[in-house]
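Derivation of every value follows stated rules applied to the coordinates shown; laboratory data play no part. Bear in mind the structure is a predicted one, so any value in this text is a computation, not a measurement. Glycine also receives a Cβ, built like all others from the backbone with ideal geometry; neighbour counts cover every protein chain displayed.
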Amino acid sequence: MHPYLRVLVAAMVAMIIAGALVALALVGRNTTLSVVALLAAGLVAMLVGGFLFAQSWIWSQRSWRDGSRGRSVAMAFAGGLAIVVAAVAAAVTVVLLLTFFLS
């Protein structure tokens, strides 16, 4: 298995875990636990998105140097999507913090 593919699989598992935390927050009756679960999901999504962006950058450049132009562009596109996911997770986490902890 290609090392980048392992990174993608690990990122998908982490995003499933973040989704499970969001589901736990939406279903739960305890508001404190819900807020903590949403914050944890946002943190997981930010960290995974940033890590996947960095790995995409590294592996895209390696593929480009090896002559695999299409694979390189696909990895760069995946990295772009990952950083967008990280940015959205960061924005939602900041809004959540401002909503529940600043008021």
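Okay, here's what the table says:
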{"item": "Degrees separating the helix 31-66 axis from the principal Cα axis of the chain, which is the longest one", "result": "10"}
{"item": "Percent RCO, i.e. relative contact order, over region 26-103, from Cα pairs under 8 Å lying at least 6 residues apart", "result": "38"}
{"item": "C-alpha long axis of helix 69-101 to longest principal axis of the chain, angle in °", "result": "10"}
{"item": "Extension reserve of the H2-I58 stretch, reckoned as 0.36 nm per residue once the Cα distance is removed", "result": "18.8 nm"}
{"item": "Cα coordinate range in region 34-83, projected on the principal axes (Å, largest first)", "result": "48, 13, 9"}
{"item": "Whole-Å distance, taken between Cα centres, linking region 1-57 and region 59-89", "result": "19"}
{"item": "Simple label model, 7 Å out from Cα along Cβ direction - A20 to L43, nm", "result": "1.7"}
{"item": "Gained length - F77 relative to F100, 0.36 nm times residue gap less alpha-carbon distance", "result": "4.8 nm"}
{"item": "Rh by Kirkwood over Cα pairs, then Stokes-Einstein D for the chain at 1.567 mPa s and 4 °C, µm²/s", "result": "88"}
